[in-house]
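Below: the structure, in structure tokens.
What follows is calculated from the coordinates using simple rules that are stated; it is not laboratory data. All values derive from a computational prediction rather than experimental measurement. Reconstructed Cβ throughout: ideal geometry from the backbone, glycine too, with neighbour counts over all protein chains shown.
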Amino acid sequence: MPTRVLAVPVKDLVEAKQRLVPALAPEQRRALAAAMLEDVLAALAGARLDAAWVVTRDAAVAAIARRFGATVVTEAENRGHTAAVAAAQAHARAEGVTLFATIPGDVPCVTAAEIDALLDAAAGGPAVAFAASRSGAGTNGVAMTPADAMPLRFGEPSFEHHLAAARARGLTPCTLALPGLALDVDGPDDLELVRTERAGTHTARLVAGWDAARPRARAGCA
């Protein structure tokens, strides 16, 4: 029976990163979403977890998950991040999971040490721990004991809402500042941050390749 499980909800790759439509072509956005998921799963593989779950309906996402040893929790349809996490929580309850955590699939700078810190902060429960997005408004990491300690609802300003909801249930939330986990990729500026902050990731190498292929103006040309 798994005791420490982390779930990663992932939408269809073809629909990924809609906010980057003005900056990236569809095939680039698909490649970016896949690279970010690989980085997240690589970090999970190094963390102290009994299991990593990927919640998705996309066959390509499922193939990546299995390649990294993650379990696929299949969605019948893409109902959004909040519904995917709720489905994972329900699955965790049914499986007898003690400590449940979740992070998104677009945080390529997350590290195994950050994941361990998030889970450790909620161990022994009843307890909940939260890590904010870089803006401070969103919630990029949650861990809780037991797995159904509280429902979750994502989308800014979810971080303050989660803290208030935890306190309303008599829980004292632990908050963690985890820089790698905080950096979710939503806009072009985030791509540059990923490229410079963690050069060894799949995502950084992908973005660096795009930069290298971009035509550069020659000095002295009209």
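Please give the Cα centre distance for region 86-140 versus region 21-84, rounded to the nearest Å.
Rounded to whole Å, the Cα centres lie 15 Å apart.
Can you pull the one-decimal nm distance between simple spin-label points at Asp50 and Gln28, each 7 Å off the Cα toward Cβ?
Going from the Asp50 label point to the Gln28 one covers 4.4 nm.
List every residue whose amide H lies under 5 Å from the amide H of Ala127, counting only residues 5 or more places away in sequence or on a different chain, with H placed 1.01 Å from N in the peptide plane.
Counting only residues 5 or more places away or on other chains, the set is Thr145.
What number comes out for the charge environment of Gln18, summing +1 per Lys or Arg and -1 per Asp or Glu over other residues with Cβ under 13 Å away?
Here the charged neighbours net out to +1.
Quote to one decimal, in nm, the extra length available between His161 and Ala42 on full extension: 0.36 nm per residue of separation minus the C-alpha distance between them.
39.8 nm
Tell me the net charge near Ala101. Cut-off is 12 Å between Cβ atoms, Ala101 excluded, with +1 for each Lys or Arg and -1 for each Asp or Glu.
Charge balance near Ala101 sits at -2.
Where does each of Thr102, Thr201 land when they are ranked from fewest to most other beta-carbon atoms within 10 angstrom?
Thr201, Thr102
Compute the signed sum of charges (Lys and Arg +1, Asp and Glu -1) over the other residues within less than 14 Å, Cβ to Cβ, of Ala143.
Counting the neighbours of Ala143, the net charge comes to -3.
If a/c stays under 1.5 just call it rounded; otherwise compare a/b with b/c (prolate if a/b is bigger, oblate if not). Do that for region 24-99, with a ≥ b ≥ c from the square roots of the Cα gyration tensor eigenvalues.
Oblate shape, in that a/c is at least 1.5 and b/c is the bigger or equal ratio.
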